[in-house]
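Visitor: Before we start, here is the structure in question, set down as structure tokens.
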Amino acid sequence: MFKVVKSDAQWRRELNELEYHVLREAGTERPGTGELLHESRTGTYRCRACDAALFSSDTKFDAHCGWPSFYEAGSSDALIHREDVSLGMVRVEVLCAACGSHLGHVFPDAPQTPTGNRYCMNSVSLIFDESDSSQD
């Protein structure tokens, strides 16, 4: 199903403890602690596990929620959306379409954006790839 398939042992070797917990066990980093929360340079946000392009910096906005937030994916096939009924609520989990890693959740609570969506992503699940705007 996924383009990038690795054994659990491979993921454990390649990711640190927090990265593994978030990306492979659907964990969540503490709000306000992610290194990409206040990133404002031009570039692309990629999956930390497999390097797939996920979000453009053009769609990042400050949602004041403690996690990097975007209003749409970089491409229509970059993400998988899956119902998440954990924690006694219904949410939409967001996974990397290339490797199936957990990235965060999407919420329809951002009317100030063009899509109305807030992709609330764990900073630890992303890598920032800086580029100039002519390369986007």
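Visitor: Which residues, taken from segment 1-52, are closer than 11 Å to GLY100 by Cβ and either in contact with a helix residue (DSSP H, G or I) (Cβ under 6 Å, 6 or more places away or on another chain) or free of Cβ contacts under 8 Å to residues at least 24 places away in the same chain (or both)?
Guide: Scanning segment 1-52 gives TRP11, LEU23, ARG24, ALA49.
Visitor: Moving on. Scan segment 64-78 for residues that are touching a residue at least 40 places away in the same chain (Cβ under 8 Å) and either assigned to a strand (DSSP E or B) or of a type in the set (A, V, I, L, M) (or both) and report the count.
Guide: As a first pass, look at segment 64-78 and keep what is touching a residue at least 40 places away in the same chain (Cβ under 8 Å): 65, 67-73.
Now restrict to residues that are either assigned to a strand (DSSP E or B) or of a type in the set (A, V, I, L, M) (or both): 69-70, 73.
Number of matching residues: 3.
Visitor: Which one of these is in contact (Cβ under 8 Å) with a residue 24 or more places away in the chain and touching a helix residue (DSSP H, G or I) at 6+ places or on another chain (Cβ under 8 Å): ASN117, ASN122? Let's see the steps before the verdict.
Guide: Values: ASN117 fails: touching a helix residue (DSSP H, G or I) at 6+ places or on another chain (Cβ under 8 Å).
It is ASN122.
Visitor: Further question: If you go through segment 76-85, how many residues are in contact with a strand residue (DSSP E or B) (Cβ under 7 Å, 6 or more places away or on another chain) and farther than 19 Å from ASP109 by Cβ?
Guide: Of the residues in that region, 2 qualify.
Visitor: Another question, if that's okay. I'm checking my understanding of the structure. Among residues of segment 4-36 that are touching a strand residue (DSSP E or B) at 6+ places or on another chain (Cβ under 9 Å) and not in a loop (DSSP other than H, G, I, E, B), which one is surrounded by the fewest Cβ atoms within 10 Å (Cβ to Cβ)?
Guide: Filtering segment 4-36 down to residues touching a strand residue (DSSP E or B) at 6+ places or on another chain (Cβ under 9 Å) leaves 4, 22-28, 34-36.
Filter again for not in a loop (DSSP other than H, G, I, E, B), leaving 22-25.
Values: VAL22: 24, LEU23: 27, ARG24: 18, GLU25: 9.
Ranking the candidates gives GLU25 first.
Visitor: Scan segment 49-57 and give yes if some residue there is under 16 Å from SER123 (Cα atoms) and touching a Leu at 6+ places or on another chain (Cβ under 6 Å), otherwise no. Talk me through it step by step, then tell me what you get.
Guide: So the first thing to find is which residues in segment 49-57 are under 16 Å from SER123 (Cα atoms), and the list is 49-57.
Those left that are additionally touching a Leu at 6+ places or on another chain (Cβ under 6 Å): 49.
Yes - at least one qualifying residue is present in segment 49-57.
Visitor: Separate question: Filter segment 37-63 down to residues that are touching a Cys at 6+ places or on another chain (Cβ under 8 Å) and assigned to a loop (DSSP other than H, G, I, E, B) and give me whichever is farthest from SER131 (Cα to Cα).
Guide: Only one residue fits best here, namely ALA63.
Visitor: Something else about it: For GLN112, only one of the following conditions fails: (1) modelled with pLDDT under 95; (2) in a loop (DSSP other than H, G, I, E, B). What is its number?
Guide: (1)
Visitor: For the list (1) touching a helix residue (DSSP H, G or I) at 6+ places or on another chain (Cβ under 9 Å); (2) farther than 19 Å from LYS3 by Cα; (3) not acidic (Asp, Glu), I need the number of the one condition that GLY74 fails.
Guide: For GLY74, the failing item is (2).
Visitor: ARG48 - would you say it is over 11 Å from the mean Cα position of the chain (by Cα) and not hydroxyl-bearing (Ser, Thr, Tyr)?
Guide: Values: over 11 Å from the mean Cα position of the chain (by Cα): no; not hydroxyl-bearing (Ser, Thr, Tyr): yes.
Judged against the criteria, ARG48 is not a match.
The values are calculated or read from the model by the stated rules, or taken from the named source; none is laboratory data. Please read these numbers as outputs of a predicted model, since none were measured by experiment. Using ideal geometry, Cβ is built from the backbone for each residue, glycine included, and neighbour counts are taken over all protein chains shown.
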